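Data first, discussion second: the structure below is written as structure tokens.
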Amino acid sequence: MVYHRAFGVYAVIYKKGELLVIHKGRGPYCNRYDLPGGSLEEGEGLLEAVILEVKEETGLSATISRQIGAVDFVLPWKWKNFTHVHHTAVLYVAEVTGDLQVPEQFAGQDAKGATWIPIIQISAANSSPLVTQAVNWLRSGELPLETVVYSDWEVKKGCF
């Protein structure tokens, strides 16, 4: 097994029973809902990164109120020389203002758009592990301490 290590920051934006999610356009979560967020640019801090990622992917301005914690996942993903991805994520609670916008498409942009979705419609079949763990956190106030392994993860068709 050869692991691609991914690290990112993500916003949990929840109001009136709905979670703000993006439509993932590529990667192991392609054609699923994901949280707004992503990896850090050179020299960028965690808080700065999550605010900028929310803006890039949704068009909304985010105000971060707290850090929830970190989670990590391992799942199969055949990409380049890799057989798996080990994704570590720091989650933040955010509130947003503005109007949803379709994100600018550029090299490296993996968000195709954003939407509010009722959390009762979120499942492992239509969402990334980040989204399902965010919903679990909204319900219980806890994140898993251990690495969560998704050995049966299936990358959706039409994705690399």
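Of the residues making up region 122-147, those that are surrounded by 23 or more Cβ atoms within 10 Å (Cβ to Cβ), among the small types (Gly, Ala, Ser) and in contact with a Lys or Arg (Cβ under 9 Å, 6 or more places away or on another chain) are Ser127, Ser128. Regarding Ala62, is this residue in contact with a helix residue (DSSP H, G or I) (Cβ under 7 Å, 6 or more places away or on another chain) and either within 19 Å of Gly25 (Cα to Cα) or surrounded by fewer than 17 Cβ atoms within 10 Å (Cβ to Cβ) (or both)? No: the conditions fail for Ala62. Selection within region 12-22: residues that are among the aliphatic types (A, V, I, L, M) and more than 12 Å from Leu91 (Cα to Cα). The member of this set that is surrounded by the fewest Cβ atoms within 10 Å (Cβ to Cβ) is Leu19. Of all residues in region 18-50, exactly one satisfies the criterion of being farther than 20 Å from Ser127 by Cβ and either touching a residue at least 60 places away in the same chain (Cβ under 8 Å) or touching a Ser or Thr at 6+ places or on another chain (Cβ under 8 Å) (or both), namely Ala49.
Applying the set (1) farther than 22 Å from Ala49 by Cβ; (2) modelled with pLDDT of 90 or more to Val155 leaves exactly one unmet item: (2). Considering only residues in region 115-160 that are β-branched (Val, Ile, Thr) and part of a helix (DSSP H, G or I), the one that is nearest to Val9 (Cα to Cα) turns out to be Val131.
Residues checked against (1) among the acidic types (Asp, Glu); (2) in contact with a helix residue (DSSP H, G or I) (Cβ under 9 Å, 6 or more places away or on another chain); (3) buried (at least 18 other Cβ atoms within 10 Å of the Cβ):
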position	(1), (2), (3)
Tyr10	no, yes, yes
Lys24	no, no, yes
Tyr33	no, yes, yes
Leu46	no, no, no
Val54	no, no, yes
Gln67	no, yes, no
Ala70	no, no, no
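Does Gly108 satisfy the condition of being at pLDDT below 95, at positive phi and outside any strand (DSSP E or B)? Yes, satisfied. The C-beta contact set for region 120-139 (first residue modelled with pLDDT of 95 or more, second residue in a helix (DSSP H, G or I), distance under 7 angstrom, 6+ apart or interchain) comprises Ile122/Val131; Ile122/Thr132; Ile122/Val135; Val135/Ile119; Leu138/Ile119.
The values are calculated or read from the model by the stated rules, or taken from the named source; none is laboratory data. Bear in mind that the values here come from a model prediction, so they are computed numbers and not experimental data. Virtual Cβ from ideal backbone geometry, glycine too; neighbours counted across all protein chains shown.
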